[in-house]
Amino acid sequence: MFIDGAWVEARSGKTFDVTNPATGEVLGTVPAGDATDATAAIDAASQAFPAWSSTTAYERSRLLYRAWELMVERSEALAQLMTSEQGKPLKASRAEVKYAADFLIWFAEEAKRVTGEWLPSQRADQRFLSVKAPVGVVAAVTPWNYPISMLTRKMGPALAAGCTLVLKPAEATPLCAKATYEVFIDAGFPDGVINLVTAADPVPIGDVFTGDPRVAKLTFTGSTAVGRTLAAKSAANLQRISVELGGHAPFIVFPDADPVHAAKGAAALKFLNAGQACISPNRLYVPNSLRSEFEETLCSRVSKLQTGNGMEDGIGVGPLVNDAAVSKVEQQVEDAREKGAGVPVGGARLTEGEHASGHFFAPTVLTDVRPDMTIYREETFGPVAPVIGYDDPEQVLDLANDTNYGLAAYVYTRDISVAMRAFEALRFGIIGVNDVNPTSASVPFGGMGDSGVGREGGHEGINEYLETKTGGFAI
Ligand code: NAD
């Protein structure tokens with residue numbers, strides 16, 4: 001763990017192992033921090049805050065820019081570590097490291113764009129000034145599925161704004177967090193500004209983060225259930241919160257779309273990170289008139305995907321994070337099969353040969369999926385593409401919006417009016433129109449409803465770490 005400028009063990013001396021989800025091999029051992037360690041980290045962050053928040057925006061920008069340079073220099077080593085620890089294919093890990101580094105250079109620039117306003121008064125002898133100030137100590141909790149970019153997406157804006165922070169990474173991916181911290185440390189961030197607490201049991205850490213009045217802001221990415229619990233606890237201390245949670249993305253093919261192009265897009269998007277992405281499509285709505293062409297292309301693509309250890313050439317789908325994740329996918333597929341879904345490709349765990357010691361599920365296509373199936377409502381977080389036939393393009397937007405989640409949605413059409421109407425009608429924070437990658441460090445990322453509160457990235461990302469201060473000057 002990294003507390004107050006030093007790498008330290010847990011005060012209890014306890015540790016836990018980190019394993020490779022493709023092979024079961026133990027990759028390393030990290031400290032199992034508890035509440036006392038989390039409190040020590042908050043002590044350090046809170047002592048460092050006055051000096052750090054007084055640095056100039058140019059100084060903070062320079063350090064973030066240096067961190068960006070170092071992350072780019074180390075990108076191959078970081079990508080290899082990510083594939084070993086998290087499982088995604090090496091090519092996808094390289095793309096994630098680039099995305100992670102993008103947040104550093106983006107917020108290195110945004111640090112210098114935080115400005116204020118001179119506002120009018122009713123009184124001739126009064127002047128108003130409105131400025132931004134850093135919120136204070138930030139507590140961050142991050143998930144395992146994007147184990148480097150989810151850190152930089154929070155650390156970049158928090159540090160740019162002048163906040164200090166304490167971060168707890170997911171228990172499955174602390175080594176990626178450690179390597180990310182090494183980038184920041186080598187860039188020269190002062191002692192106490194960034195602190196890292198690893199833990200095998202996240203609950204006591206979450207209790208300290210939400211219960212310590214010195215924490216001004218909680219930023220969380222993970223499941224809706226945990227986000228809701230942490231948000232409720234932090235409300236008692238009136239902490240500012242951003243919670244980026246789960247999703248259940250619709251992927252709508254309109255009748256005028258090219259079904260082959262759309263199916264290729266669906267195959268590329270759905271199986272990224274083995275489906276373990278909050279913006280992964282979970283309901284593919286395809287007009288019955290195009291279904292056979294769409295399904296043929298989708299099945300042909302999916303049946304060619306190779307599943308295995310992401311370090312090997314040609315692997316398109318890696319392991320899932322753990323056995324519980326495989327069981328969840330298995331249950332959703334079985335439930336759909338029992339209720340009448342077709343399973344033209346995949347449909348089972350992979351347990352033989354090279355798959356024997358990892359957590360693998362075969363890339364799967366489900367057809368004839370209906371609303372009474374669990375997969376129609378619950379996030380899958382696995383490599384399963386559920387196809388739902390529809391007839392009425394007027395109704396499909398209502399079907400797509402019929403979810404408590406509101407993170408990502410995708411639309412395929414060649415008609416600009418259809419595209420614009422869909423963009424306006426869909427209640428989701430991120431909408432891809434003929435586009436399978438509607439994300440970037442330069443645009444806001446976040447959801448509506450059960451998908452969370454707040455936005456990361458873009459111009460808005462830094463606002464989550466800033467307070468507004470108004471000055472009235474009688475002259
Ligand atoms: P999770 O909620 O179990 O874990 C996320 C993080 O929360 C981990 O660091 C974990 O240790 C921690 N955590 C768990 N219980 C806690 C508690 N009581 N107190 C404090 N911390 C606690 O989720 P997960 O299974 O690791 O991640 C997958 C979920 O994350 C999916 O639902 C996915 O949609 C979501 N996700 C969302 C985004 C987004 O930006 N919206 C990005 C990635 C993942």
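The values are calculated or read from the model by the stated rules, or taken from the named source; none is laboratory data. Model, not experiment: these values are computed from the prediction. Every residue, glycine as well, gets a Cβ built from its backbone with ideal geometry; the counts of neighbours run over all protein chains shown. Side chains are part of the model used for accessible areas, which takes the heavy atoms of the whole protein and leaves out ligands, DNA and RNA. Shrake-Rupley method; radii C 1.70, N 1.55, O 1.52, S 1.80 Å.
To check you understand DSSP bridge types, tell me what percent of the beta bridges within the chain (both residues inside) are antiparallel, rounded to 5.
Numbers: 29 of 66 bridges.
Antiparallel: roughly 45 percent of the beta bridges in the chain.
As a test of the formula, what do you get for the chain when each DSSP H run with n ≥ 4 contributes -39,500 (n - 2.57) and the sum is divided by the residue count, at 222 nm and rounded to the nearest 500 deg cm²/dmol? The partial results should precede the final answer.
On the way: 13 runs with 179 residues, N = 475.
Taking each H run of at least 4 residues, the total per residue is -12000 deg cm²/dmol.
Under 20 Å Cα to Cα from residue 264, which aspartates and glutamates show up? Leave out anything in the same chain fewer than 8 places away.
Partners within reach: 256, 293, 295, 296, 368, 415, 435.
Give me a comma-separated list of calculated 3J(HN,Hα) values for the range 228-240, in order, Karplus coefficients 6.51, -1.76, 1.60 applied at θ = phi - 60°, integers in Hz, x for any Gly or Pro.
Each residue's phi maps through the Karplus curve to give 5, 4, 5, 4, 5, 5, 6, 4, 4, 9, 6, 6, 5 Hz.
How much of the accessible area of the chain, in percent, comes from carbon and sulfur atoms when a 1.4 Å probe is used?
Details: 9940 of 18920 Å².
Carbon plus sulfur share of accessible area: 53 percent.
Can you tell me the 0 to 90 degree angle between the C-alpha axis of helix 75-86 and the longest principal axis of the chain, rounded to 10?
60
What is the dipole size for the chain, taken about its Cα centre, with +1 at each Lys and Arg Cβ and -1 at each Asp and Glu Cβ, in debye to the nearest 20?
Numbers: 41 positive and 57 negative charges, 232 e Å.
That gives the chain a dipole magnitude of about 1120 debye.
Toward the positive end of the charge dipole of the range 1-95, about the Cα centre and with charges on Cβ (Lys, Arg +1; Asp, Glu -1), which of 44, 58, 1 goes farthest?
58
Once each part is reduced to its C-alpha centroid, what is the distance from the range 17-61 to the range 406-448 in angstrom?
Cα centres, the range 17-61 to the range 406-448: 34 Å.
Among DSSP beta bridges lying fully in the range 77-190, give the percent that are antiparallel, nearest 5.
On the way: 3 of 8 bridges.
If we restrict to bridges inside the range 77-190, about 40 percent are antiparallel.
Would you please classify the overall shape of the chain from the alpha carbon gyration tensor, given that a ≥ b ≥ c denote the square roots of the eigenvalues, rounded means a/c under 1.5, and beyond that prolate means a/b larger than b/c while oblate covers the rest?
Values: a/c = 2.07, a/b = 1.38, b/c = 1.51.
Because a/c hits 1.5 or more and a/b fails to exceed b/c, the chain counts as oblate.
Using only Cα atoms, find the angle between the long axis of helix 323-338 and the longest principal axis of the chain, and express it within 0 to 90 degrees, rounded to the nearest 10.
Once rounded, one gets 40 degrees.
Using the charge dipole of the range 249-440 (Lys, Arg: +1 at Cβ; Asp, Glu: -1 at Cβ; taken about the Cα centre), state which of 315, 425, 413 has its Cα farthest towards the positive end.
Looking along the dipole axis, the top candidate is 315.
Just to check I understand the Karplus step: with θ = phi - 60° and J = 6.51 cos²θ - 1.76 cosθ + 1.60, what whole-Hz values come out for the range 44-56, glycine and proline as x?
For the range 44-56, the Karplus-derived couplings read 5, 5, 6, 5, 7, 4, x, 6, 5, 6, 8, 5, 7 Hz, x marking Gly and Pro.
If you rank 23, 152 by how much accessible surface each has, with a 1.4 Å probe, what is the order from largest down? Provide the component values of the computation, followed by the final result.
Values: 23 50, 152 0 Å².
Highest to lowest solvent-accessible surface, that is 23, 152.
Keeping all protein chains in place, calculate the accessible area per residue for the chain (probe 1.4 angstrom), answer in Å².
Values: 18920 Å² over 475 residues.
Heavy-atom SASA per residue in the chain reads 40 Å².
Only Lys, Arg, Asp and Glu count, each charged at its Cβ (+1, +1, -1, -1), so figure out the dipole size of the range 265-335 about its Cα centre, rounded to 20 debye.
Values: 6 positive and 9 negative charges, 52 e Å.
Result for the range 265-335 is approximately 240 debye, rounded to the nearest 20.
Relative contact order of the chain: what whole-number percent is it, with Cα pairs under 8 angstrom and at least 6 residues apart? Intermediate values should be presented prior to the final figure.
Details: 1126 pairs, mean separation 88.4, N = 475.
Relative contact order, the chain: 19 percent.
Looking at this model, which pairs from 88/328; 88/178; 168/304; 112/270 are more than 28 angstrom apart at the alpha-carbon? Each step should come with its number before you reach the end.
On the way: 88/328 19 Å; 88/178 18 Å; 168/304 38 Å; 112/270 37 Å.
Checking Cα-Cα distances, 168/304; 112/270 exceed 28 Å.
By the gyration tensor of its Cα atoms, with a ≥ b ≥ c the square roots of the eigenvalues, what is the shape of the range 249-440: rounded for a/c under 1.5, prolate for a/b over b/c, or oblate?
On the way: a/c = 1.73, a/b = 1.62, b/c = 1.07.
Here the range 249-440 falls in the prolate category.
Shape call for the range 29-124 from the C-alpha gyration tensor, a ≥ b ≥ c root eigenvalues: rounded (a/c under 1.5), prolate (a/b greater than b/c) or oblate?
oblate
Mind checking which of 341, 252, 434 is farthest towards the positive end of the range 249-440's charge dipole, using Cβ charges of +1 (Lys, Arg) and -1 (Asp, Glu) about the Cα centre?
Final value for the positive-end residue is 434.
Any idea what angle helix 291-304 forms with the longest principal axis of the chain, computed on alpha-carbon atoms, 0 to 90 degrees, nearest 10?
The helix 291-304 is inclined about 70 degrees to the chain.
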